[in-house]
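The values are calculated or read from the model by the stated rules, or taken from the named source; none is laboratory data. This is a predicted model, so every value here is computed, not measured. As a convention, Cβ positions derive from the backbone with ideal geometry for all residues, glycine included, and neighbour counts pool all protein chains shown. When the accessible area is computed, the model is the full protein with side chains, heavy atoms only, and any ligands, DNA or RNA have been set aside. Shrake-Rupley method; radii C 1.70, N 1.55, O 1.52, S 1.80 Å.
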Amino acid sequence: MTATFSNYQDYDAYAPADYAVWKQLAERQLTALRAVASADYLQCLDELHPVLSPNHPPRFTDLNERLAAAHGWSIKVVPGFLPVNEFFELLSNRRFCSSTWLRSEDQMDYLEEPDMFHDIFGHIPLYLNKDYAEFAQRLGALGVKYADDEERVTQLQRLYWFTIEFGVLRQEDGELKVYGAGICSSYGETKHVFQNPEVQVVPFDLDTVLAQDFVITEVQMKYFAIRDFAELWKVVDELEARWA
Ligand SMILES: [Fe+2]
């Protein structure tokens, strides 16, 4: 399905080719993630089965029922990247943005902008996790509160990028796991994190993250490892206290 825009998911518009692409992407990622994704992400994926499964593109109305029942979230269909202020406002209202188009078979490994596989398979499962969902909402609320403060908005975008988008987690036993949507939805990025010897994984440090620039089109070479999602709450507590 090509990237045309409507503000709802026209489920009947998905063609057999879309079902095939979705199945291939989801099966490949489910296999790749089983050993390397955070236990929380995997648990949420399991909880969403069969609403979210390789068998068919996800139906947003079904996902919304599950999200609403868990922690009051829902999906907002958007055409692509949103202005940051709108994005944070939606997050603050427990709404996560998703596109509805799906890449074609010749784009399995590279996309210039996020499609439904990234937005849904990568992002949505963790909104069933209370600590993660609260963190995202509170991050959005800070974005709304400081919408006119360019520097703070940039810092919040970095915080978002190095947690929700490309976050990793170091378990108590020292093992590295991934939870960021940019990793969990990408076969290449999943391999990259674990197999590229030049990748750096450092413990999450708020000041370092707030100062860390990123380039949206470049593969990550540095990742910040939290210990658990409760740590993210402390990050928001700290920011709220600092900026009050
Ligand atoms: Fe994303």
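Note on the chain: Lys pairs 8 or more places apart or on different chains, Cα atoms under 24 Å apart, count 14. Size check on segment 11-243: the Cα extents along the three principal axes, sorted descending, read 52, 39, 30 Å. Potential lengthening of the chain between residue 108 and residue 240 amounts to 43.5 nm, from the contour at 0.36 nm per residue minus the alpha-carbon distance.
Karplus-derived 3J(HN,Hα) values for segment 112-122, using 6.51 cos²θ - 1.76 cosθ + 1.60 with θ = phi - 60°, are 7, 9, x, 9, 5, 5, 4, 5, 8, 5, x Hz; glycine and proline are entered as x.
For the chain, the solvent-accessible area of protein heavy atoms averages 47 Å² per residue (probe radius 1.4 Å; ligands and nucleic acids excluded). Inter-label distance, residue 199 to residue 82: 2.9 nm, where each label sits 7 Å from its Cα along the C-beta direction. Surface composition of segment 32-143: carbon and sulfur make up 47 percent of the accessible area, probe 1.4 Å. For residue 77, the residues whose modelled amide H falls within less than 5 Å of its own, excluding neighbours fewer than 5 places apart on the same chain, are 98. Considering only alpha-carbon pairs that sit under 8 angstrom and 6 or more positions apart, the relative contact order computed for segment 1-112 is 38 percent.
Take every Cα pair under 8 Å whose residues are at least 6 apart in sequence, average their separation, divide by the length of segment 11-243, and the relative contact order is 20 percent.
The string of couplings for segment 91-108 from the Karplus curve (6.51, -1.76, 1.60, θ = phi - 60°) is 4, 4, 9, 6, 10, 10, 7, 9, 7, 10, 7, 10, 4, 9, 5, 8, 10, 4 Hz, one whole number per residue in order, with x for Gly and Pro.
Note on residue 166: accessible area approximately 20 square angstrom, rounded to 10, probe 1.4 Å, nucleic acids and ligands left out. Once the Cα atoms are used to define both axes, helix 39-48 deviates from the longest principal axis of the chain by about 40 degrees.
Shown in residue order for segment 157-174 are the 3J(HN,Hα) couplings computed by the Karplus curve 6.51 cos²θ - 1.76 cosθ + 1.60 at θ = phi - 60°: 5, 5, 4, 4, 4, 8, 10, 4, 8, 10, x, 10, 9, 9, 5, 4, 7, x Hz (x for Gly and Pro). Taking 197, 125, 54 in turn, the Gaussian network model of the chain (Cα-Cα springs below 10 Å) assigns the largest fluctuation to 197.
For residue 193, the accessible surface of its heavy atoms amounts to roughly 10 Å² (probe 1.4 Å, protein chains only, rounded to the nearest 10). Output the 0 to 90 degree angle, nearest 10, between the alpha-carbon long axis of helix 16-33 and the longest principal axis computed from the alpha carbons of the chain. On a 0 to 90 degree scale, this one is about 40.
What FRET efficiency, computed as 1/(1 + (r/R0)^6) with R0 = 35 Å and r the Cβ-Cβ distance, is obtained for residue 148 and residue 27, rounded to the nearest 0.05? Using R0 = 35 Å, I get an efficiency of 0.15. Here's the picture: a label point sits 7 Å out from the Cα of residue 208 along the beta-carbon direction, and within segment 116-156 the residues with their amide nitrogen under 19 Å of it are 155-156.
Only beta bridges with both residues in the chain are counted; by DSSP, about 25 percent of them are antiparallel.
Counting only protein heavy atoms and using a 1.4 Å probe, the accessible area of residue 154 comes to about 50 Å². Comparing 75, 216, 226 in a Gaussian network model of the chain (Cα springs below 10 Å), the most mobile by mean-square fluctuation is 216.
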